[in-house]
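A short write-up of the structure that comes next.
The values are calculated or read from the model by the stated rules, or taken from the named source; none is laboratory data. Since we're looking at a predicted model, the values are computed, not measured. Reconstructed Cβ throughout: ideal geometry from the backbone, glycine too, with neighbour counts over all protein chains shown.
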Amino acid sequence: MPRHASVRRLAPYRYSARFRTRRVPRKWRHRLEPPTARARRPHGLPGLWTRLRRLIWAWWPWGVATVWALVMDAWNWAAFFGVMAFLTHLAAPRERPPNYGLDHLIPTADPAFLDSVVGLTGITFLDGNKVELLNNGDEFYPSMLQAIRDAKESVTIEAYIYWAGNVGLEFARALAERARAGVTVKILLDAVGSSTIGTTILETLESGGCQLAWFNPIKWYSIGQFNYRTHRKSLILDGRIGFTGGAGIADHWSGHAQDPTHWRDMQIRIEGPGVLPLQTGFARNWQQTTGELVSGPDYFPAPEPAGRVPLHTLLSSPSVGASAARTLYYFAIVCAQRTIHIANPYFVPDAVAIDALINAARRGVRVTILVSGRYNDNFVARRNSVRLFGDLLKAGIEIYEYNHTMLHHKTMVVDGEWGTIGTTNFDNRSFAFNEESNVSFVDRRLLGDLEASFERDRAVSDRLTLDAWRHRGVWARVQEAAVWLLQDQV
């Protein structure tokens, strides 16, 4: 037998090209889907204006226009359309909300609700934590600074905002002092959000030997990721104590929300195993930014219980294609039976969220939403938010505007059985573009504290009525129309 014959018999079988390129026949592409999926009406079907907005933000119409202009020798128009195709491709969200599976099935008091939360987010509840809610800078800044001064092994910070000012300088001095004492200090700041940190703070950090890296700086070779930001606000000490919530490091968070220059906000202090996911989020983004692997007992010590509170510490990232924060928010809404209390500064719900909230109201759930009012620092988000209030108000949903100063915390409590606090705004930017973190819990004491805080803020806020919304004026409607195109970007 020729030698090459035996070799031919032992060689692996290779499929021909015609089998590799054959596609699934059209009739089988949806034929085996569950009958209920085909029969049910999807949640949040986009209306005409939403479809038009998405068409404008799609790259391909601009690409077609570019080709047409080139064929017609309209070079100026071709350049304009080409630039628009490029920009819309860069700005397009890579994540979309779910349309199916949002039916009310599991009460929040049912253990199956928590099992589904764990399964949907891939993060389990970690027991043995001590937790404290801290209101406004007068409470959370002293606690954070003391924790930094008490750190023995490591300090890690991931922040969207670290700005120049007295607060920023006080933190820099505390961090530099710890670094000089031999504590490893690593700081990861968003390259856009913290761009105004100032030279004085950077020199102070450098003098102490702190390490600082910039998350996703805008470069020509990474322009496709310019919209991808870290919006987390995490401070972790020795891997055992952590802080997160709505506040960054800047002067306007100092005080007690006493006037429009001092914001209303909330942080949560965690001691125990629930800090681990916050450190995981920092370590992943630090490695992505610097290439350095963060490991060892200085950052990930053996877990030791510090209390009795189980926590679900969520990391959300659009890079995986589905926002864990959006999943958590929407699932909690569709499972509500009695009450939904949402406090969020940038409340810009998409069609799916509006459907879910209206359906909750129709089945007898009291839905109360607290938003930042006249002192909202984001004009585009504010005008888009007001524009979307109409259908919610018609359904009997209560909307209150906090008009004393900028309300900036992000909380939700459902049925008094489950609550969350974190960095995630109720808008597409947080869901589809940002790295976020949220802490959820079912502890009755914490839920009571969060509900009490919500009620205090609601009591001093102004309720928006449907009649007032309908008579908001021509100029307000003009502003809303002007920012309508940017709804998916805020």
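Okay, residues lined up against (1) in a strand (DSSP E or B); (2) within 30 Å of P297 (Cβ to Cβ); (3) of a type in the set (V, I, T):
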residue	(1), (2), (3)
T88	no, no, yes
R96	no, no, no
L120	no, no, no
L134	yes, yes, no
Neighbours by Cβ (under 7 Å, 6+ apart or cross-chain): first from segment 290-314, farther than 15 Å from G242 by Cβ; second charged (D, E, K, R) and surrounded by fewer than 17 Cβ atoms within 10 Å (Cβ to Cβ): P310/D127
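Please return the ranges of strands (runs of 3 or more DSSP E) entirely within segment 409-490 where 3 or more residues are among the β-branched types (V, I, T). Quick ask: steps written out before the conclusion?
Working: elements: 410-414, 418-422, 434-441, 462-464.
Where strands (runs of 3 or more DSSP E) fall fully within segment 409-490 and carry at least 3 residues being among the β-branched types (V, I, T), they are 410-414.
What residue, among those in segment 215-235 that are of a type in the set (A, V, I, L, M, F, W, C) and touching a residue at least 60 places away in the same chain (Cβ under 8 Å), is surrounded by the fewest Cβ atoms within 10 Å (Cβ to Cβ)?
In the first step, residues of segment 215-235 are kept if they are of a type in the set (A, V, I, L, M, F, W, C); the result is 215, 218, 220, 223, 226, 235.
After this cut, where a residue has to be touching a residue at least 60 places away in the same chain (Cβ under 8 Å) as well, the list is 215, 223, 226, 235.
Details: F215: 24, I223: 12, F226: 16, L235: 28.
For segment 215-235, the residue satisfying everything is I223.
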Residues of segment 235-293 satisfying the condition of being under 18 Å from the mean Cα position of the chain (by Cα), within 21 Å of A174 (Cα to Cα) and small (G, A, S): G245, A247, G248
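Is at least one residue of segment 202-210 in contact (Cβ under 8 Å) with a residue 60 or more places away in the chain and touching a strand residue (DSSP E or B) at 6+ places or on another chain (Cβ under 9 Å)?
As a first pass, look at segment 202-210 and keep what is in contact (Cβ under 8 Å) with a residue 60 or more places away in the chain: none.
Looking through segment 202-210, none of the residues is in contact (Cβ under 8 Å) with a residue 60 or more places away in the chain and touching a strand residue (DSSP E or B) at 6+ places or on another chain (Cβ under 9 Å).
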Residues that are part of a helix (DSSP H, G or I), among the polar types (S, T, N, Q) and crowded, with 19+ Cβ neighbours inside 10 Å, drawn from segment 350-388: N384, S385
Which listed residue is free of Cβ contacts under 8 Å to residues at least 40 places away in the same chain and not assigned by TED's automatic domain parsing to the domain that holds N135, from R456, R463: R456
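Which one of Y141, Y100 is touching a residue at least 60 places away in the same chain (Cβ under 8 Å) and surrounded by 15 or more Cβ atoms within 10 Å (Cβ to Cβ)? It would help to see each step written out before you state the result.
Numbers: Y100 fails: surrounded by 15 or more Cβ atoms within 10 Å (Cβ to Cβ).
Of the residues listed, the single one that is touching a residue at least 60 places away in the same chain (Cβ under 8 Å) and surrounded by 15 or more Cβ atoms within 10 Å (Cβ to Cβ) is Y141.
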Of all residues in segment 285-328 being out of contact with any strand residue (DSSP E or B) (no Cβ under 9 Å at 6 or more places or on another chain) and over 30 Å from Q225 (Cβ atoms), the one that is surrounded by the fewest Cβ atoms within 10 Å (Cβ to Cβ): A302
Any hit, segment 409-423, residues being closer than 27 Å to H104 by Cα and among the acidic types (D, E): yes
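Residues to consider are V275, V294; find the one that is in a helix (DSSP H, G or I), modelled with pLDDT of 95 or more and more than 20 Å from N434 (Cβ to Cβ). So that I can check it myself, show each step before the final result.
Numbers: V294 fails: in a helix (DSSP H, G or I).
V275 is the lone residue from the list that is in a helix (DSSP H, G or I), modelled with pLDDT of 95 or more and more than 20 Å from N434 (Cβ to Cβ).
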Residue satisfying condition, being outside the structural domain of D427 (by TED's automatic domain parsing), of a type in the set (K, R) and modelled with pLDDT of 80 or more, within set R54, R23, R3: R54
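Scan segment 98-116 and tell me whether some residue there is touching a Gly at 6+ places or on another chain (Cβ under 7 Å) and either in a helix (DSSP H, G or I) or of a type in the set (F, W, Y) (or both). Give the derivation first.
Of segment 98-116, the ones touching a Gly at 6+ places or on another chain (Cβ under 7 Å) are 99.
Next cut, either in a helix (DSSP H, G or I) or of a type in the set (F, W, Y) (or both) only: none.
Taking every residue of segment 98-116 in turn, none turns out to be touching a Gly at 6+ places or on another chain (Cβ under 7 Å) and either in a helix (DSSP H, G or I) or of a type in the set (F, W, Y) (or both).
Within segment 62-79, is even one residue touching a residue at least 60 places away in the same chain (Cβ under 8 Å) and surrounded by fewer than 18 Cβ atoms within 10 Å (Cβ to Cβ)? Show your work before the answer.
Of the residues in segment 62-79, the ones touching a residue at least 60 places away in the same chain (Cβ under 8 Å) are none.
There is no residue in segment 62-79 that is touching a residue at least 60 places away in the same chain (Cβ under 8 Å) and surrounded by fewer than 18 Cβ atoms within 10 Å (Cβ to Cβ).
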Residue match in segment 457-464 (condition: modelled with pLDDT under 95 and not polar (S, T, N, Q)): no
Residue satisfying condition, being at positive phi and either outside the structural domain of F454 (by TED's automatic domain parsing) or within 22 Å of the chain's Cα centre (by Cα) (or both), within set G182, G168, G119: G182
